[in-house]
1. In region 285-313, what residues are of a type in the set (Gly, Ala, Ser), under 11 Å from ARG268 (Cβ atoms) and surrounded by 21 or more Cβ atoms within 10 Å (Cβ to Cβ)?
2. Taking the condition of being surrounded by 14 or more Cβ atoms within 10 Å (Cβ to Cβ), modelled with pLDDT of 95 or more, in contact with a strand residue (DSSP E or B) (Cβ under 6 Å, 6 or more places away or on another chain) and assigned to a loop (DSSP other than H, G, I, E, B), how many residues in region 114-144 meet it?
3. Within region 44-53, take every residue that is of a type outside the set (Gly, Ala, Ser) and under 14 Å from ASP15 (Cβ atoms) and give me the one that is farthest from the chain's Cα centre (by Cα).
4. Taking region 24-53 only, how many residues are part of a strand (DSSP E or B) and β-branched (Val, Ile, Thr)?
5. Of the numbered conditions (1) within 24 Å of ILE253 (Cβ to Cβ); (2) small (Gly, Ala, Ser); (3) buried (at least 20 other Cβ atoms within 10 Å of the Cβ), ALA94 fails exactly one; give the number of that condition.
6. Failed condition for THR111, given (1) touching a Ser or Thr at 6+ places or on another chain (Cβ under 7 Å); (2) in the same structural domain as ALA305 (by TED's automatic domain parsing), with all others met?
7. Is it the case that some residue within region 56-64 is closer than 30 Å to MET110 by Cβ and within 13 Å of the chain's Cα centre (by Cα)?
8. Please count how many residues of region 145-175 are assigned to a helix (DSSP H, G or I), hydrophobic (A, V, I, L, M, F, W, C) and at pLDDT 95 or above.
Amino acid sequence: MDEFGAVRLIAVDIDGTLAVDGRVSERNLAAMKAAEHAGVSVVVATGRRHCYAMKVLRGLGLGEDDALISSNGTVTRTIGSRLLERTMLPVETARWLCGHVDEFRDALVMTFDKVGPDGEDSRGALVVERLEELNASIGRWMAANEPYIAHVDPIERALDGEAPIQMMVCGTVERMRRAEARLLEHPAISAPSITHTAQFDGETSLEVALHRTEYPERNLSIVDILPAGCSKGAALLRLAASRGVRREEIVAIGDNWNDLSMLEIAGRAVLMGNAPGDLLRLAHERGWAVAKRHDEDGVAETIEAALAAMAGE
């Protein structure tokens, strides 16, 4: 871990990066606090929605005004739950997508932003039409989020009152590759991590961004369907600009394909050693740093090296 230049902002993913089984190690937490003590902002950027991210972050002693980018970039709040930015998926688009992925409705989840002042969601923040397949593929997540899940059949009825912040389909890697291919059959939908806007049926504008997260060792994949322009990288760039931070002053640390956008925009990209093999190969091709695994405190190693480089300037 060398070649760090001036660093003013460090963005770090949660699952597979900062946390192991939802827990942040003492060394990782100490490194984050040391960075902030040195005047470096630490921003958590996660695919989790805000409430679920706070299950990991609450009680760690992070600053109330520290930023938390959640739902892969659709929402940015402070740790203290103050809303900074939010983008909704248009209702018409969401309704059309329900039909477009009809074969995968049993794997479909809608997310609505129902965060209260205390950072907690209410029931209906998550909406599903069918439970069996989701319980089989992401049973632990379903159990942990039971207080927030509403069962609505057909799922389109959930769109009568408000717009979601995201949709996702979850399942085995092979099945989610098929779901992604089904989404991409329509010319208005573009490849993962790329946003595309087009006309379909001659009338309605479809605006979506796809993001894939894969865990090969668990045979689990999640395909997130987000509003156009939403990604961790885009949200991070806007946040950095609001703070007068240049992209070359950003270090981004992640482990999966949904981190690709923020790794690409950062002045220094660091991929965790536990990342999927094809992403590790991409990191080597692009000359990105590869840290130790998440269960070997790769985040702390990265932050400590950055701070040491700054101290030696």
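1. Correct list: ALA306 only.
2. The number of residues fulfilling the criteria is 1.
3. Here is the first cut: in region 44-53, the residues of a type outside the set (Gly, Ala, Ser) are 44, 46, 48-52.
Cutting the leftovers down to under 14 Å from ASP15 (Cβ atoms) gives us 44, 46, 48-49, 52.
Numbers: VAL44: 10, THR46: 4, ARG48: 6, ARG49: 8, TYR52: 12 Å.
The qualifying residue farthest from the chain's Cα centre (by Cα) is TYR52.
4. 4
5. (1)
6. Failing condition for THR111: (2).
7. Residues of region 56-64 that are closer than 30 Å to MET110 by Cβ, as a first pass: 56-60, 62, 64.
From the residues that got through so far, the ones that are within 13 Å of the chain's Cα centre (by Cα) too are none.
No; the residues of region 56-64 include none that is closer than 30 Å to MET110 by Cβ and within 13 Å of the chain's Cα centre (by Cα).
8. Step one: list which residues in region 145-175 are assigned to a helix (DSSP H, G or I), which gives 146-148, 155-160, 173-175.
Subsequent filtering for residues that are hydrophobic (A, V, I, L, M, F, W, C) retains 155, 158-159, 173.
After this cut, where a residue has to be at pLDDT 95 or above as well, the list is 155, 158-159.
Qualifying residue count for the region: 3.
The values are calculated or read from the model by the stated rules, or taken from the named source; none is laboratory data. It should be emphasised that the depicted structure is a prediction, and the values quoted were computed from it without experimental measurement. Reconstructed Cβ throughout: ideal geometry from the backbone, glycine too, with neighbour counts over all protein chains shown.
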